[in-house]
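Single-structure report; data block below.
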């Protein structure tokens, strides 16, 4: 679901978001005329409010302690005035909800860069529509340019001159070109000039750091990366660290002559930080193109030279195989040796990286951190689980989670037929959760987990609501017969499939929920609610795709027909569409020239006529 594009032009035109919003409002007006009862229906928040979603950045309000703004990966901007206890929205409904970077200038002007730089493996990552500015702390917003930037990794502001700021524009993940690089405004965002351009059309800026003693000296990370439907290329020759000493008028690449990696196809995402208490100290981490940790580099002379350190192995281990998901370093403003390295766990070091501690008390996958200058020792942490606060300078085990964070990222949901207050949903990195507890009652602030890692497919049996299903990424599915209290593995451990999509289809037969379908690269059928499976198709894809680490060439959609139990429709990520009229004995590929050869996202069948089917596509042809 990463920046899915429109077919056949391969990109969504600028202004398309505004046009879509206008269309949605027109539909609302038409509905009000044709069906006033439907138009007048209220939407009520049913939760979860106690389960957060991914936070990409944090900005401390210059006015006072406990006032904080956060950027949600696909939930807009939120603010707290009670020091992280609860949040309220500070972002309009009709703007893109993907926000990647936040910053507040000394005069209280808030900037939000839309689109998330973190590219995801299978996770939800969306592009944006430019840079936005608020002069009233989120009450209203104005777009101020950089519409073709795609995503932002960082915004830094001059410590004294509110009209000077810099933005790291990363570019569209799937589309080369656009407004990539480091952009500078000397007019408070009214206009922008590109200060640093990437070496090629897939290189954009992902991180920025400013020397606190000399705001004309900046360090910028350029990251060469692009994704196609079948391949992730998260590194290249355009990746590297750059430095300017004249406010962006000229830059030099800080490469092998200075102790950092030479220009290479193997350089992935890097991160840079300057210690606020010691501007001579510059820290850099490097990730390889394969997503694995490479090195930790330190400069003690403002970037004139770097050397590797004998760092704690916990730092490298924290990056797992997807260090491109993080790409930041956070330094205690009062102690240049006190570092935090975001990774799957939060890694803390009090001696510049030589030794470290892992904090397992917070949720996985760290992205954002800020210290409150008006409240010494107070630090805010944002990750895939939401927002945390520590009053003890981020010490291990001292973080408390906000109790109201309604910005979760949902993959799927299902509603109980017998009791529609029973809802199950799959969340990005927050597992499979349910609206009800042991008592069976539902409440927005008491949603709770019933398993999974990333939560993908979730189902409630329509005739027995105590039978629920939840799937993690790549088709690791479980069945529960007691409404989610306990569960048993099904799916991947029993399927004949060799490859499975991040969101592996699991479907009920519409006439009999004991009959289920599960699909990786072949279709499996169960007649006992998933306890056992029988293969009913050959490989319906074009085969293994080019990415060595992630499985493409997978089935993405399965739709059984209500009016004829022998009929199914199946779609794949490589553009194939199939049907069977005899429950898998024979498969017919549907090759009508009108059908685009692109990623199938959903298939559906008319409930009364099995010959009438619908299919939706993502707009991403193979190789684009």
Pairs of alpha carbons in region 410-617 whose separation is greater than 30 Å (percent)
20
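Assuming a viscosity of 1.306 mPa s and a temperature of 10 °C, what translational diffusion coefficient in µm² per second does Stokes-Einstein assign to region 27-147, Rh being the Kirkwood radius over Cα pairs? Walk me through the numbers before you get to the answer.
On the way: Rh = 15.8 Å.
Answer, rounded: 100 µm²/s.
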Once you have the alpha carbon radius of gyration of region 287-428, what is it after dividing by 2.2 N^0.38 Å, with N set to its residue count?
1.25
Gyration tensor (Cα only) of region 349-498 to equivalent ellipsoid, semi-axes in Å sorted down, yields 35, 19, 11
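Region 220-366: D in µm²/s via Stokes-Einstein (Kirkwood Rh, Cα pairs, 25 °C, 0.890 mPa s)?
Numbers: Rh = 15.5 Å.
D, rounded to a whole number, is 158 µm²/s.
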Two-decimal log10 I(q)/I(0) for region 26-66, as the Debye equation yields it once each C-alpha is a single scatterer, q = 0.23 Å⁻¹:
-0.83
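Based on the inverse mean of 1/r over its pairs of different Cα atoms, what is the Kirkwood hydrodynamic radius of the chain, in Å? Mind showing how you got there, number by number?
Numbers: mean 1/r = 0.0393 Å⁻¹.
Across the chain, the inverse of the average 1/r is 25.4 Å.
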Roughly speaking, what is the centre-to-centre gap between region 202-257 and region 548-590 when only Cα atoms are used, to the nearest Å?
44
Directionally averaged projected area (convex hull, Cα atoms, region 304-382), nm²:
6.0
Computed log₁₀ I(q)/I(0) - Debye formula, equal Cα scatterers, no solvent, region 409-520, q 0.18, 0.20, 0.23 Å⁻¹
-0.81, -1.00, -1.31
In which sequence would 363, 494, 187 go, from the one with the fewest C-beta neighbours within 10 Å to the one with the most?
187, 494, 363
Most to least packed among 522-533, 99-110, 470-481 [average Cβ atoms within 10 Å]:
470-481, 99-110, 522-533
How far is the Cα center of region 182-199 from the Cα center of region 393-433, in Å?
38
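Give the shape of region 45-401 as rounded, prolate or oblate, defined through the alpha-carbon gyration tensor: a ≥ b ≥ c are the square roots of its eigenvalues, a/c under 1.5 means rounded, and otherwise the shape is prolate if a/b is larger than b/c and oblate if not.
Rounded is the answer for region 45-401, as its axis ratio a/c remains below 1.5.
Show me the ranking of peptides 580-586, 264-270 by mean Cβ neighbours inside 10 Å, starting with the highest. Present the calculation step by step, with values, prior to reporting the outcome.
Values: 580-586: 14.0, 264-270: 21.7.
Sorting 580-586, 264-270 by mean packing, highest first, produces 264-270, 580-586.
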Which three numbers, in whole Å and largest first, are the semi-axes of the equivalent ellipsoid of region 348-393 derived from its Cα gyration tensor as √(5λ)?
17, 16, 9
Using the alpha-carbon centroid of each, what span in Å lies between region 63-91 and region 348-380?
19
Could you work out how far helix 16-34 tilts from the main Cα principal axis of the chain, as a 0 to 90 degree angle to the nearest 10?
50
Tell me the relative contact order for the chain as a rounded percent, counting alpha carbon contacts under 8 Å between residues six or more apart.
9
Quick one: what does P(r) look like for region 101-252 with 5 Å bins over all Cα pairs, in whole %?
2, 11, 21, 23, 19, 13, 8, 3, 1, 0
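Quick note: the coordinates plus some simple rules give every number you see, no bench work behind them. None of the values given here were measured: they were computed from a predicted structure. For neighbour counting, all protein chains shown are included, and Cβ atoms are generated from backbone atoms with ideal geometry for every residue, glycine included.
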